[in-house]
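Some notes on the structure that comes next.
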Amino acid sequence: MKNIVILISGGGSNMAAIVRTARQDGWRQRYGAQVAAVISNKDSAGGLAFAREQGIATEVVDHKQHATREAFDAQLAAAIDSHQPALVVLAGFMRILTPGFVERYAGRLLNIHPSLLPAFPGLHTHQRAIDAGCKLAGATVHQVTAELDHGPILAQAAVPVLAGDTADTLAARVLSQEHLVYPRAIADLLSKI
């Protein structure tokens, strides 16, 4: 079985979209794949409740309980590795990972970023797109490398930036596309491994 471990920090809407798509599209039968676990760095992450309701194993590795990023990443890796992952999927996981962690899962570590990379890596992407006068914004699924919000692009989805858009209205439109493009990119990758 190709186990997928999803990392979250909050509500987990992308995680939920992945879980729903995996079930609806029969990833277990089609690809021999399943979402095996959802791990968060915050015990207050709302997405943990959804994962539990779906019968998915959950765990919390609290970053605040570790003196260094390396110590946190070591415990996080141990939690992930207990599920023998084929893929590790970041879905709103708001921690910068150490180069050693990224190297450990090289080629198997995915992220979605709310911009059309390479434009607007980092935070506040929607306001930055509006301020720059972009006509299009969107989301990018990419393999994670040691450089923040870089790495090979697997898929993108674009939405128009409309007159009168705020960061919040644009974010909502982009998020609806994230929920479609992320599961598709994961399924495409599963078909190749």
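No lab work stands behind these numbers, since they all come straight from the coordinates. None of the values given here were measured: they were computed from a predicted structure. Cβ sites come from the backbone with ideal geometry, for glycine too, and all protein chains shown count toward neighbours.
Going through (1) of a type outside the set (V, I, T); (2) over 23 Å from I96 (Cα atoms); (3) touching a residue at least 60 places away in the same chain (Cβ under 8 Å); (4) in contact with a Ser or Thr (Cβ under 7 Å, 6 or more places away or on another chain) one by one, R52 falls short only on (3).
On the given criteria, is A119 of a type in the set (G, A, S), over 24 Å from G47 (Cβ atoms) and touching a helix residue (DSSP H, G or I) at 6+ places or on another chain (Cβ under 8 Å)?
Details: of a type in the set (G, A, S): yes; over 24 Å from G47 (Cβ atoms): yes; touching a helix residue (DSSP H, G or I) at 6+ places or on another chain (Cβ under 8 Å): yes.
Yes; evaluated as a whole, the condition is true for this residue.
With the condition kept exactly as written, say whether any residue in region 58-81 is more than 15 Å from the chain's Cα centre (by Cα), exposed (fewer than 15 other Cβ atoms within 10 Å of the Cβ), in contact (Cβ under 8 Å) with a residue 40 or more places away in the chain and more than 18 Å from I186 (Cβ to Cβ). No: zero hits. Cβ-Cβ distances below 6 Å connect the following pairs, each with a first residue in region 18-42 that is surrounded by fewer than 20 Cβ atoms within 10 Å (Cβ to Cβ), a second residue that is hydroxyl-bearing (S, T, Y), and a separation of six or more residues or different chains: K42/S9. Within region 110-123, the presence of at least one residue that is at positive phi and in contact with a Leu (Cβ under 9 Å, 6 or more places away or on another chain) is confirmed. Taking the criterion of being in contact with a strand residue (DSSP E or B) (Cβ under 7 Å, 6 or more places away or on another chain) and of a type in the set (S, T, Y), the only residue of region 52-97 that qualifies is T58. Within the option set I96, I112, I130, being closer than 17 Å to I6 by Cα and either surrounded by 17 or more Cβ atoms within 10 Å (Cβ to Cβ) or more than 16 Å from the chain's Cα centre (by Cα) (or both) holds for one residue only, I112.
The rows are residues; the columns are (1) aliphatic (A, V, I, L, M); (2) in a loop (DSSP other than H, G, I, E, B); (3) crowded, with 21+ Cβ neighbours inside 10 Å.
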residue	(1), (2), (3)
P121	no, yes, no
C134	no, yes, no
G138	no, no, yes
L148	yes, yes, no
A155	yes, no, no
A158	yes, no, no
G164	no, yes, no
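Taking the stated definitions as given, is F101 closer than 25 Å to A57 by Cβ and surrounded by 21 or more Cβ atoms within 10 Å (Cβ to Cβ)? Taking the combined requirement at face value, the residue satisfies it.
List the strands (runs of 3 or more DSSP E) inside region 1-83, counting only whole elements, that have at least 2 residues being aliphatic (A, V, I, L, M) and touching a His at 6+ places or on another chain (Cβ under 8 Å). Spell out how you get there, then give the answer.
Numbers: elements: 2-8, 33-40, 57-60.
Filter on region 1-83 gives 33-40.
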